[in-house]
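*Asks:* Structure incoming, see below.
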Amino acid sequence: MGRYKQEILDQLAQAEFDYAECKIDKQEFLAKITACGVSLPQDIQEHMDNAEEARYEYKVSKHEDKF
């Protein structure tokens with residue numbers, strides 16, 4: 001895999017991680033993934049779905065840590 005492609009994948013993963021941990025909001029997440037070249041509506045939706053699931057899991061795990 002090319003260095004440039006890996007860098008884009010790393011940026012996408014970081015955006016998802018930041019969104020999952022509530023460090024950025026939905027608009028900033030969308031801005032970051034579109035800046036990485038994600039532009040097709042179905043691709044945007046797929047990334048959004050993955051990020052929402054990760055965010056849910058993060059919140060559940062934080063809640064479980066309290067008990």
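Read-outs throughout are calculated quantities, based only on the coordinates presented, and are distinct from any laboratory measurement. Only a predicted model underlies this, so the values are computations on that prediction, with no experimental measurement involved. Using ideal geometry, Cβ is built from the backbone for each residue, glycine included, and neighbour counts are taken over all protein chains shown.
*Asks:* Quick check on the exposure proxy: order E52, E16, E7 from fewest to most C-beta atoms within 10 angstrom. Numbers along the way, then the final one.
*Replies:* Working: E52 15, E16 21, E7 11.
Arranged by neighbour count, lowest to highest, E52, E16, E7 become E7, E52, E16.
*Asks:* On to the next question. What's the lysine pair count for the chain at a Cα cut-off below 21 Å, pairs eight or more apart or interchain?
*Replies:* Taking the Cα cut-off of 21 Å, the pair count is 7.
*Asks:* Let me ask you something else. Could you work out how far helix 3-20 tilts from the main Cα principal axis of the chain, as a 0 to 90 degree angle to the nearest 10?
*Replies:* Computed tilt is about 30 degrees.
*Asks:* If you keep only loop residues by DSSP, which trypsin sites (Lys or Arg not before Pro) in the chain have at most 14 other Cβ atoms within 10 Å of their Cβ?
*Replies:* Numbers: sites: R3, K5, K23, K26, K32, R55, K59, K62, K66; in loops: K23, K66.
Answer by residue number: K23, K66.
*Asks:* Here is a further query. What is the mean projected area of the alpha carbon convex hull for the chain, to one decimal in square nanometres? Working shown, then result.
*Replies:* Values: hull surface 19.6 nm².
Over every viewing direction, the Cα hull of the chain projects on average to 4.9 nm².
*Asks:* Around C22, with a cut-off of 15 angstrom between Cβ atoms, what is the net charge of the other residues, counting Lys and Arg +1 and Asp and Glu -1? List each step's numbers first, then the result.
*Replies:* Working: positive: K23, K26, K32, R55, K59, K62; negative: E16, D18, E21, D25, E28, E52, E53, E57, D65.
Cβ neighbours under 15 Å give a net charge of -3.
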